[in-house]
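Take a look at the structure below.
Any read-out appearing in this document is the output of simple, stated calculations on the displayed coordinates, not a laboratory observation. These numbers come from a predicted model, not from an experiment. Because the Cβ atoms are built from the backbone with ideal geometry, glycine has one as well, and the counts that use them run over all protein chains shown.
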Amino acid sequence: MAPKRKITKEDIISGALELAKTDPERAWKARGLAAHLGISTQPIFTHFSGMEEVKECVLKRAYALFEKRMQEEIEKGKYPVYKASGMAYVSFAREEPALFRLLYMRSRRGENTEGDRLTEGLWGVVESQTGIGGDKAKLFHLEMWSCVHGIATMLATGFLDLNEEAISLILTDLYQGLVKNEKEAVQ
């Protein structure tokens, strides 16, 4: 008789992440995840206090995947840093729609979003690229990010399909319009 396969915490997280991409409802149910992994539920509850802890680990992993995607887009140098972050967000939504929905299309009430790179971290980039500072930089970012998130959401849900060139043009037009509007307001 062959020895039983030892399932690790990492195996469970990886399996849940994989399942979340195709069948998110099953990924958060112990029996669904166990069936996907070909195990009983016992190893899941040996390594985790419950399915909420599994979900937290998968969220951390999914955020790390997105951060990696953003860093790669920035390092390509094809776009300025601020635009590259938006393009990465949109491409993540297109290529990983289930993970995008898991991360960015769920209730965030009660979550600590302080230090979130998509909010606070990019205000400094707005300041350095445009000279717009303080609360105006925050508003600028909110206006840009509302558009970026809207495009990403439409891609992730299949409502709209735009190519990279069209998305780039939309973001450039909005960015330049906001900068021009700010400069005119100062005069």
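Tabulated results
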quantity	calculated
Sequence-separation-based contact order of the stretch 29-187, relative, with Cα cut under 8 Å and 6+ spacing, percent	20
Unsatisfied cross-links (Cα-Cα over 30 Å) in the set 6/29; 29/60; 9/68; 68/180; 60/183	68/180; 60/183
Cα coordinate range in the chain, projected on the principal axes (Å, largest first)	80, 32, 28
Residue 181-residue 162 pseudo-label distance in nm [points 7 Å out on the Cα-to-Cβ vector]	1.6
Whether the stretch 47-111 is rounded, prolate or oblate, judged on the alpha carbon gyration tensor where a/c under 1.5 counts as rounded	prolate
Label-point separation, residue 143 to residue 9 (7 Å along Cα→Cβ), nm	4.6
Whole-number Å³ per residue for the convex hull built on Cα positions in the stretch 77-187	112
Förster-model FRET efficiency, 45 Å R0, residue 35 and residue 81, C-beta, rounded to 0.05	0.55
Cα long-axis angle, helix 51-76 against the chain (0 to 90 degrees, to the nearest 10)	40
Exposed-site-free run, longest, the chain (rule: GluC sites (Glu not before Pro); DSSP loop; at most 12 other C-beta within 10 Å)	1-110
Test item: Cα-centred dipole of the stretch 7-62, Lys/Arg +1 and Asp/Glu -1 on Cβ, debye	60
Translational diffusion of the stretch 124-186, µm² s⁻¹ [Kirkwood Rh, Cα pairs; Stokes-Einstein; 25 °C; 0.890 mPa s]	194
Degrees between helix 134-156 axis and first principal axis of the chain (Cα, 0 to 90, nearest 10)	50
Overall Cα dimensions of the stretch 7-62, principal axis frame, Å, largest first	23, 19, 16
